[in-house]
1. Just give me the residues in the stretch B:100-134 being within 13 Å of chain A (Cβ to nearest Cβ), assigned to a helix (DSSP H, G or I) and over 11 Å from A:VAL51 (Cβ atoms), in sequence order.
2. Being modelled with pLDDT under 90 and either under 24 Å from B:LEU2 (Cα atoms) or not assigned by TED's automatic domain parsing to the domain that holds A:VAL108 (or both) is the filter here; which residues of the stretch A:131-143 pass it?
3. If you check B:ALA32, B:ALA23, B:ALA4, which single one turns out to be over 21 Å from B:GLU79 (Cβ atoms) and within 14 Å of another protein chain (Cβ to nearest Cβ)?
4. For the stretch A:57-73, state whether one or more residues are at pLDDT 90 or above, away from chain B (no Cβ under 14 Å), closer than 24 Å to A:ARG146 by Cα and out of contact with any helix residue (DSSP H, G or I) (no Cβ under 8 Å at 6 or more places or on another chain).
5. If we keep just the residues of the stretch A:17-45 that are among the small types (Gly, Ala, Ser) and within 13 Å of chain B (Cβ to nearest Cβ), which is nearest to A:LEU150 (Cα to Cα)?
6. Count, please, the residues in the stretch B:34-78 that happen to be in contact with a Pro (Cβ under 9 Å, 6 or more places away or on another chain) and in a strand (DSSP E or B).
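The values are calculated or read from the model by the stated rules, or taken from the named source; none is laboratory data. Because the structure is a prediction, the values reported are computed rather than measured. Ideal geometry is used to build each Cβ from the backbone, glycine not excepted, and the neighbour counts take in all protein chains shown.
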Amino acid sequence: MKQIFARTSNVTRFCAAMERLGKRDDALPGMALVFGEPGLGKTRTALWWAVQNGGVFIRTKKLMSGRWLLEEIVAELGESPAYRTSDLFRQCVEQLLSRPRTLIIDEVDYLAYDARVLETLRDIHDVAGTPMVFLGMDKADKKLNRYRHLYDRFIEVVRFQQLTRDDVTDLAEQLCEVRLTGDALDLIHADAGRFRQVLKWFYKAEVLARVNGLEEIAAQHLNGRK
Amino acid sequence: MLKAVMQACLSFGERFFSLTQIAEATGMERQAVRHRLWKLETAGLISRFRSQEIPAGRGRPAKEIYYRATSLLAKRFHEGNERPASKMNGWDRMWQAVRVLRRFTRNDLAQICGQKGENVRCFTTAYRQAGYLRCLGRPGTRGVMWILAKDPGPKRPPYKGETHVD
């Protein structure tokens, strides 16, 4: 497998949304929601983007309270968290004002039942004006839709979708070290719509080619190898 | 808000200005302005000229402080307006990715951080020896998992042999 970050249609749409978020008009809010089924590469894509663009990646936890979240954000912004919650909030805002960075909040579904935490994030966004990206699972848009004040601030909503046939072809060209025939790609697409599963197929195809000395892998080679 | 205070301070040029003048110019509360001015003063961007108490009809007398901007203020203000470029090097990026992933393979790091396999190998080896990473298997084996064993924070820690990390 080649060691590069593969660009699928989901990644392209994510990058386009982040580009628009970064270049938005000052009067517009700067929040985005990215959601989709597990295994489609949301977290990986967001992490890749954060690493390349200096974003701050926060992974929320199920038991997270508002204070815990603020502590995590302040620590990730490079400051030592203060004791009082009000000071934590102030630290957070001042850090973001002095050096604006995009905040990426992963697993935002966990926070969907705690209005106080979500509203705190909204407060940070309103005061500091920093772009904020929420990553959530399949029903994240419906869960967050209950908070109208928050949902209205999402200027970009990106849904990660199952890989299309073209995506599988692109991925094979970008990642797979062995050539796959059209019927092999059809088979992979029919069986696996998710990134992780497609990678497993590519790995199997590479092993088959290496062991049997094949230059091209067809569907007949892959059949029964799932 | 700090930007607004900095802008108001700069509008006075080389002249002295008072806390009240900045509060009027920015439309912010006096206490908030005083806090920002204190921050600018401690950072050496403005210098305090003098302070005096203004007698009030009742309660504690208000304090009027006079400042003057230093040449650093304009420089810092214009620096701050530009979007800061990412000064992270490859190892900083890998450290950030490791802290998010927690469990990873060398391939994951190479793909996400856009680093060459050799650089990833040096990184994992250096931090394994420093005790920050642990390998769940024989290091060097294909597809072996690595975990973050010690997380000292977002700033990449120095490893043995590295004298300065910034």
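1. If the condition is that a residue be within 13 Å of chain A (Cβ to nearest Cβ), assigned to a helix (DSSP H, G or I) and over 11 Å from A:VAL51 (Cβ atoms), then B:ARG106, B:ASN107, B:ASP108, B:ALA110, B:GLY117, B:GLU118, B:ASN119, B:VAL120, B:ARG121 are the ones that fit.
2. none
3. On the way: B:ALA23 fails: within 14 Å of another protein chain (Cβ to nearest Cβ); B:ALA4 fails: over 21 Å from B:GLU79 (Cβ atoms).
The conditions single out B:ALA32.
4. Yes, some residue in the stretch A:57-73 is at pLDDT 90 or above, away from chain B (no Cβ under 14 Å), closer than 24 Å to A:ARG146 by Cα and out of contact with any helix residue (DSSP H, G or I) (no Cβ under 8 Å at 6 or more places or on another chain).
5. By that ranking, first place goes to A:GLY22.
6. Keep residues of the stretch B:34-78 that are in contact with a Pro (Cβ under 9 Å, 6 or more places away or on another chain), which gives B:53-55, B:61-62.
Still in the list and also in a strand (DSSP E or B): B:53-54, B:62.
Here the count works out to 3.
A quick yes/no check of all residues on (1) within 14 Å of another protein chain (Cβ to nearest Cβ); (2) at pLDDT below 90; (3) surrounded by 12 or more Cβ atoms within 10 Å (Cβ to Cβ):
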{"site": "B:GLY59", "(1), (2), (3)": "no, yes, no"}
{"site": "B:GLU82", "(1), (2), (3)": "yes, yes, no"}
{"site": "B:PRO139", "(1), (2), (3)": "no, yes, yes"}
{"site": "B:MET145", "(1), (2), (3)": "no, no, yes"}
{"site": "B:PRO154", "(1), (2), (3)": "yes, yes, yes"}
{"site": "B:TYR159", "(1), (2), (3)": "no, yes, yes"}
{"site": "B:THR163", "(1), (2), (3)": "no, yes, no"}
